[in-house]
Amino acid sequence: MIALKDIEKYYASKGVKSYILRHVSTVINQGEFVSIMGPSGAGKSTLLNIIGMLEEPTYGEYKFMDEDVISLSERKRIELYRNHIGFVFQAYHLIDEMTVAENIEAPLLYKKVGGSERKSRVADMLDRFNMVGKKDLFPSQLSGGQQQLVGIARALAAQPSIILADEPTGNLQSAQALQIMELFKKLNKEDGITIIQVTHSEVNAAYGSRILHLLDGVIKEDVRL
Ligand code: ADP
Ligand code: ADP
């Protein structure tokens, strides 16, 4: 599903290159639940963003679902992203001026999903996440854990095959964090959704099937659980 070969990322300033990632090669198959771990500045978010096509590597090859991501046009890449990837962020990135229901619906508008299908998917998500009574509230009226559930519902409404999450529980208390990890595990086991998360938490990582340890932009260890 995901094949990275010799990925490098650096920023050049006044002829000096600072490497964020070097020689990163790995394959992630459909159905895996991978945690990317490592100290701050190791390149975890950069790697996740490259996998999610939000950032381009400086060098290297990237095949996503048999498509050569690097050579795709911007338009094709966005289409590939919208059809397959759901992103979940540490700070939720909900739209403050939109209600819970509107936030969940937003990506479906971009995907040009028809009106009745949108309504039914949003209703399904609200139901599944026990948020029917909260559908007209705004993000600021929800707890952090609830906001993250909306962020995940929004990602799922687009029916992705893969969820990419950058420190999804970084702003949450442990009970809420466990709820999110239980949900990820269920999505992975029951719905077959591939999950790749950046996390500092050993507890979170234990929910997954594999850990990639990054240090100074290099994969130091690749552990199957
Ligand atoms: P984490 O270590 O939890 O993954 P972040 O992903 O928020 O934290 O950021 C990683 C580190 O990289 C932080 O110390 C942040 O200040 C720094 N950082 C992020 N973006 C940039 C940037 N564009 N230029 C310089 N430093 C950055
Ligand atoms: P992590 O998620 O492991 O904390 P990141 O991928 O966020 O690491 O960042 C790795 C390093 O890349 C950090 O040291 C950060 O300062 C640097 N960095 C990120 N974005 C930029 C940028 N636009 N320009 C220069 N340095 C950057």
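A short reminder: the numbers here are calculations on the coordinates, not readings from a lab. On a predicted model such as this, the values are computed, not experimentally measured, just so you know. Here the Cβ positions follow ideal geometry from the backbone for every residue, glycine too, while neighbour counts run over all protein chains shown.
All other residues whose Cβ lies under 11 angstrom from that of VAL88 are scored, Lys and Arg at +1 and Asp and Glu at -1, for a net of -1. A cut-off of 5 Å between modelled amide H atoms, ignoring neighbours fewer than 5 places along the same chain, links ILE36 with GLN197, VAL198, THR199, LEU212. Helical content alone sets the calculated 222 nm signal of the chain at -11000 deg cm²/dmol, taking -39,500 (n - 2.57) per DSSP H segment of four or more residues and averaging over every residue.
Counting only alpha carbon atoms, the long axis of helix 74-84 and the longest principal axis of the chain meet at about 60°.
A simple packing score, the average count of other Cβ atoms within 10 Å per residue, orders the peptides 82-92, 168-178, 149-159 as 149-159, 82-92, 168-178, with the highest score first. The alpha carbon centroids of the stretch 71-93 and the stretch 170-225 are separated by 20 Å. For the stretch 81-182, the list of GluC sites (Glu not before Pro) that fall in a loop by DSSP and count at most 11 other C-beta atoms within 10 angstrom reads GLU97.
Peptides 214-220, 109-115 ranked from most to least packed give 214-220, 109-115, packing being the mean of other C-beta atoms within 10 angstrom over each peptide's residues. Separation of the alpha carbons by more than 29 angstrom is noted, of LYS9/LYS189; LYS17/LYS44; LYS111/LYS189; LYS9/LYS112; LYS17/LYS111; LYS63/LYS119, for LYS9/LYS189; LYS9/LYS112; LYS17/LYS111; LYS63/LYS119. Distances between every pair of Cα atoms in the stretch 66-118, grouped in 10 Å steps from 0 to the bin holding the largest one, split as 20, 43, 30, 7 percent. The tail of the calculated P(r) for the stretch 104-222, taken as Cα-Cα distances beyond 17 Å, holds 60 percent of the pairs. Each peptide in 66-75, 197-206, 137-146 was scored by the mean count of other Cβ atoms within 10 Å over its residues; highest first, the order is 197-206, 137-146, 66-75. Secondary structure note: in the chain, about 55% of the DSSP beta bridges are antiparallel. Scattering from the chain was approximated by placing one identical point on each alpha carbon and applying the Debye formula without solvent; log10 I(q)/I(0) at 0.13 1/Å stands at -0.77. Relative to its Kirkwood radius, the Cα radius of gyration of the stretch 116-165 gives an Rg/Rh of 0.96.
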